[in-house]
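The values are calculated or read from the model by the stated rules, or taken from the named source; none is laboratory data. Here the structure is a predicted model, which means the values were calculated and not measured. No Cβ is skipped: glycine too gets one built from the backbone with ideal geometry, and neighbour counts run over all protein chains shown. What goes into the accessible areas is simple: the full protein's heavy atoms, side chains included, and nothing from ligands, DNA or RNA. Shrake-Rupley method; radii C 1.70, N 1.55, O 1.52, S 1.80 Å.
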Amino acid sequence: MDSESDKRMHRQGPAMLRGKAIPRTTTDERLLDSAGPADWLHADPWRVLRIQAEFVEGFGLLAELGKAVSVFGSARTAPGSAEYELGVEIGRRLAEAGYAVITGGGPGIMEAGNKGAVEGGGVSVGLGIELPFEQRLNDHIDIGLEFRYFFVRKTMFVKYSQAFVVLPGGFGTMDELFEALTLVQTRKVTRFPIVLVGTEFWGGLLDWIKGVMLPAGKIHETDLDLVHLTDDPAEAVQVILDAHAEHRRRLEEEAAVREAADEAAS
C-alpha cells in the first residue's frame, strides 16, 4: 500500500516533487488556461527558453554577415562633437576596407559608427539592449536586433567580430573592453586586434596597467601587446588590416607545413 509520502510525490517530466513543492495545477492546465495567472512567464524555466530564443535569433540573423568589426563607445557623445565625427570616420574607413560595422545600436559613438558604415557603403549592424530607460535603435542601421540579456548580446559581439575598436566611453564601454581582453588573453577566442582610440582618454588607464598591474605580477608583459593605442582613424583601421593579413599568412604557412608532412609520409 502506498505510504503517505508516496501519495504526496509528483512527477513533472524528469523532475520529482513532494509536499509543498507540488504545484496545484498541471503544466497543460497552466498552458491552456488563458484566464490563469501569468507568473509562469517570469519563472526560470521559461527564461531559459527566452534566452535560447535570443541566441537562435542572433545566430540566424548574423550567420552570413561576413567579416566585421565592433565599434564601442559612449552613448552620451554628442552629435557633431570631435569624438562623434571620429566615430563616423572610423565607421566609414572600416566599411571601405570591406568590414561590416557592429555597434550597440544606440546613440552617441554607436550611432556615429553606424552612420560612417552607411556612408562608406558597408553593412551597418546594431545590437541593442532592453534598458530601464528608453533607448531605441538609431536610424543608421541596416540590420538591427534588440536583446533582453546582456550576456547574449556580448556573445554576438564576440562571435561575429574580427576586431574591436574602442572609443571613449563609460562603464558599458569598459565592460566590453575588458570582456574582449579577457577572452583574447585566455585564448577563448581567436586572437584579434583591440584598438583604443583616444590617447588622452585611455592613456591614464594604460599607464595604470603598466605601472601597477604589471609590476604586481597580475598580468604578463606580453599582455600589453593585446591593445593598440592611437588617435589616428587611418592607423586604427590599418592595425586591423595588418593583423588579419598576418593571421592569414600564418594559416597559409601552417597549411603548407601540413601538406609537406603528408607528402613526406606518403
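Only a single item in (1) open to solvent by less than 40 Å² (accessible area, probe 1.4 Å); (2) in a loop (DSSP other than H, G, I, E, B) is not met by residue 139, and it is number (1). Of the residues 248, 258, the single one that is under 29 Å from residue 155 (Cβ atoms), open to solvent by 60 Å² or more (accessible area, probe 1.4 Å) and out of contact with any strand residue (DSSP E or B) (no Cβ under 8 Å at 6 or more places or on another chain) is 248. When restricted to residues that are in contact (Cβ under 8 Å) with a residue 60 or more places away in the chain, open to solvent by less than 50 Å² (accessible area, probe 1.4 Å) and in contact with a strand residue (DSSP E or B) (Cβ under 7 Å, 6 or more places away or on another chain), the stretch 154-180 contains 13.
The residue of the stretch 60-94 that is surrounded by the most Cβ atoms within 10 Å (Cβ to Cβ), among those that are touching a residue at least 12 places away in the same chain (Cβ under 8 Å) and under 21 Å from residue 148 (Cβ atoms), is 72.
Give me the residue from the stretch 21-34 that is of a type in the set (A, V, I, L, M) and open to solvent by 90 Å² or more (accessible area, probe 1.4 Å) and, out of that set, modelled with the lowest pLDDT. That would be 31.
Scanning the stretch 4-20 finds no residues that are under 30 Å from residue 137 (Cα atoms), at pLDDT below 95 and exposed (fewer than 15 other Cβ atoms within 10 Å of the Cβ). Counting the residues of the stretch 195-217 that are in a loop (DSSP other than H, G, I, E, B) and exposed (fewer than 14 other Cβ atoms within 10 Å of the Cβ) gives 3. If you check residue 192 against the conditions, is it closer than 30 Å to residue 116 by Cβ, part of a loop (DSSP other than H, G, I, E, B) and either open to solvent by 30 Å² or more (accessible area, probe 1.4 Å) or not polar (S, T, N, Q) (or both)? So residue 192 fits the description; yes.
Which residues, counting only those in the stretch 109-136, are touching a residue at least 60 places away in the same chain (Cβ under 8 Å), farther than 18 Å from residue 63 by Cα and surrounded by 22 or more Cβ atoms within 10 Å (Cβ to Cβ)? The answer is 109, and nothing else. Go through the stretch 71-121 and give me each residue that's among the hydroxyl-bearing types (Ser, Thr, Tyr), under 18 Å from the mean Cα position of the chain (by Cα) and assigned to a loop (DSSP other than H, G, I, E, B). Within the stretch 71-121, 74, 99 meet the criteria.
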